[in-house]
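The structure under discussion appears below in the form of structure tokens.
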Amino acid sequence: MTSCKVCPLKAQCTNAKEGRRTVRIFDWQEGTYESEVYNKTEEFKKDMKLRQPIEGKFSEMKRFHGLVRAKYRGLKKVGLQCYFTTALINIKRWINYLQGINKSLQGTIDQINNKCSYFYKGGL
């Protein structure tokens, strides 16, 4: 802060009559600095490559399977909704994987999608 006293742009930084400026450093500021340093490392770049496939699954759960908002109240019920949705996505992934091996599973995929849309519209 001592460099502010000699700065030629000091008049543009503050409108205070005393010509001073107050800067606050919060408790979480140190964590922010550590994060900025970490974001420039190679380890961060490796971690971000792992994030991409996961984000797609979260997006699918949110947009297509009703996880924008919880349908139930209570931590246990909401947890069950998340577990069932995750199980459904994994079943769909397995079917899509097997579909690459055997094209005759398309009817099974359509049946699962129909049942899921019925469930998330409040049918069960």
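Would you confirm whether any residue within segment 18-35 is open to solvent by 80 Å² or more (accessible area, probe 1.4 Å) and modelled with pLDDT of 85 or more?
yes
For residues that are open to solvent by 60 Å² or more (accessible area, probe 1.4 Å) and among the aliphatic types (A, V, I, L, M), tally how many sit in segment 36-88.
Number satisfying all stated conditions: 7.
Could you check, for segment 18-33, whether at least one of its residues is assigned to a helix (DSSP H, G or I) and within 21 Å of the chain's Cα centre (by Cα)?
For segment 18-33, residues assigned to a helix (DSSP H, G or I) and within 21 Å of the chain's Cα centre (by Cα): present.
Is one or more of the residues making up segment 61-72 touching a Lys or Arg at 6+ places or on another chain (Cβ under 9 Å) and part of a helix (DSSP H, G or I)?
No, every residue in segment 61-72 fails to be touching a Lys or Arg at 6+ places or on another chain (Cβ under 9 Å) and part of a helix (DSSP H, G or I).
The values are calculated or read from the model by the stated rules, or taken from the named source; none is laboratory data. Just so you know, these numbers come straight off a predicted model, no measurement behind them. Quick reminder, even Gly has a Cβ in these numbers, built from the backbone with ideal geometry, and neighbours come from all protein chains shown. The area values use the complete protein model at the heavy-atom level, side chains included, leaving out ligands, DNA and RNA. Shrake-Rupley method; radii C 1.70, N 1.55, O 1.52, S 1.80 Å.
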